[in-house]
Amino acid sequence: MSIEGIEEVVYGVEDLAKAEQFWTDWGLRLAASSATELDFRTLNGCAVRVRAAADPSLPPAIEAGSTVREVVWCVDSPTDLDALARHAGITRRDTSEGSECVATDPNGLAIRFRVSTKKAVDVAGSPSNNWGSPQRINQPSRIYERAEPIEIGHVVFFTDKLQACEDFYVALGFVVSDRYPGRAIFLRASPTGGHHDLFLLQIPGGKPGLNHVAFSVRDIHEVFGGGLHISRCGWETQLGPGRHPISSAYFWYVKTPCGGLAEYNADEDMLTADWHPREFTPSNEAFAEWAIEGGLDGNTRRQLAAGGDAIVAGKFGTERRN
Ligand SMILES: [Fe+2]
């Protein structure tokens, strides 16, 4: 059985207009919209669907307010759906959009499994000229004016049933990549793939809820370009840019009007069945090697000074550059 990753997240929100503005600024493409639903897409076809929180067609919420109401995972073939349907609590059904499996995880979150409709995309990050293995010859590294997320990389939820969630997802084929014992687990959807597709956090006294949805971009430069753009649009950074020691990924977390955070993410570790899960003790250092709280606003003196023939300011004084 092969679960390939995330196909779609469905939000229930209190302000559809704000949600539309946010995901547009974030870099998603609006594929369809109506008075009751927005359908945004990443470059490879992952969907971010947004409906009103009060929409009766949405699955129950795991927390009050705007939040993710459902995560849709994709599989390789209908045979995978057959295998999933043999698990307790998983129901196979046919819809106008095709066959799927539905369930509710131990955290109370609605999940679905569908055969993937994601498409291959011909995009790549800039090669790096790391010492000893230069990969970019006579070729400047790209600068991004804004991000164009390639796919939904992972989702992160708070839970008060961490062990039950681990048992549930591992039984379906997910693999533990790393863990904070008793506090959190990083799960990838299949043995070979990115470091995590699902991260679950159990905070003492905590309740179920959304932490964030991460969007994969090409490279660290697009993390910066996207973060600076979304900041210039007026959205508030929670933390970033920064780098996770666990997964090695670069990140930039932004507060969304849809609940939780959205993350630009790039350069995560790629794992295989040969990977042995590690155990960590929660700490700031384990979470981030380095990070900027509140972000870079894209309009600071440094950012303005970096532009074209603008003023060059700094320890050398101020001068015009032509
Ligand atoms: Fe993340």
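Quick notes on this structure:
- Exposed loop sites here mean chymotrypsin sites (Phe, Trp or Tyr not before Pro) with a DSSP loop assignment and at most 14 other beta-carbon atoms within 10 Å; the chain contains its longest site-free run at 132-315.
- Amide H to amide H distances under 5 Å link TRP73 with GLU7, ARG112, PHE113, ARG114, where only residues 5 or more positions off or on other chains count and H is placed in the peptide plane.
- Unsatisfied cross-links (Cα-Cα over 30 Å) in the set LYS161/LYS255; LYS207/LYS255; LYS119/LYS161: LYS119/LYS161
- Between the helical axis of 16-26 and the longest alpha-carbon principal axis of the chain there is an angle of about 60 degrees.
- Over the chain: helical MRE at 222 nm, DSSP H runs n ≥ 4 each giving -39500 (n - 2.57), nearest 500: -4500 deg cm²/dmol
- Per-residue Karplus couplings for the stretch 69-76, computed as 6.51 cos²θ - 1.76 cosθ + 1.60 with θ equal to phi - 60°, are listed in order as 9, 7, 10, 9, 9, 10, 10, 7 Hz, Gly and Pro entered as x.
- Excluding the site residues themselves, the longest part of the chain lacking any GluC sites (Glu not before Pro) in a DSSP loop with at most 10 other Cβ atoms within 10 Å is 146-322.
- Long-range HN-HN contacts of TRP252 with modeled amide H, under 5 Å: TYR264
- What the Kirkwood sum gives for the stretch 108-167 is a hydrodynamic radius of 16.7 Å, with every pair of different alpha carbons counted.
- Between 0 and 90°, nearest 10: helix 162-172 axis offset from the chain longest Cα axis: 80
- Helix 220-232 vs. the chain, principal-axis angle (Cα, 0 to 90°, nearest 10): 80
- Of ARG179, ARG93, the sequence from fewest to most neighbouring Cβ atoms within 10 angstrom is ARG93, ARG179.
- Calculated FRET value between ASP15 and LYS207, using beta carbons and R₀ = 35 Å, to 0.05: 0.95
- Here the stretch 1-103 is described by how far its Cα atoms reach on the three principal axes: 41, 30, 23 Å, from widest to narrowest.
- Part-to-part distance (alpha-carbon centres) for the stretch 204-281 and the stretch 24-67, which is given in Å: 20
- The stretch 47-52 - phi-based ³J(HN,Hα) in whole Hz, Karplus 6.51/-1.76/1.60, Gly and Pro as x: 9, 10, 9, 10, 10, 5
- Once divided by 2.2 N^0.38 Å, the Cα radius of gyration of the stretch 46-113 becomes 1.18.
- As a ratio to 2.2 N^0.38 Å, the alpha-carbon radius of gyration computed for the chain takes the value 1.04.
- Tail beyond 28 Å, pair distance distribution of the stretch 54-207 (Cα, percent): 35
- Placing one equal scatterer on every Cα of the stretch 189-260 and applying the Debye formula, the log10 ratio I(q)/I(0) at q = 0.25, 0.28 Å⁻¹ is -1.30, -1.39.
Computed from the coordinates by the stated procedures, all read-outs in this text should not be read as laboratory data. Keep in mind the model is a prediction, meaning the values are calculated, not measured. Because the Cβ atoms are built from the backbone with ideal geometry, glycine has one as well, and the counts that use them run over all protein chains shown.
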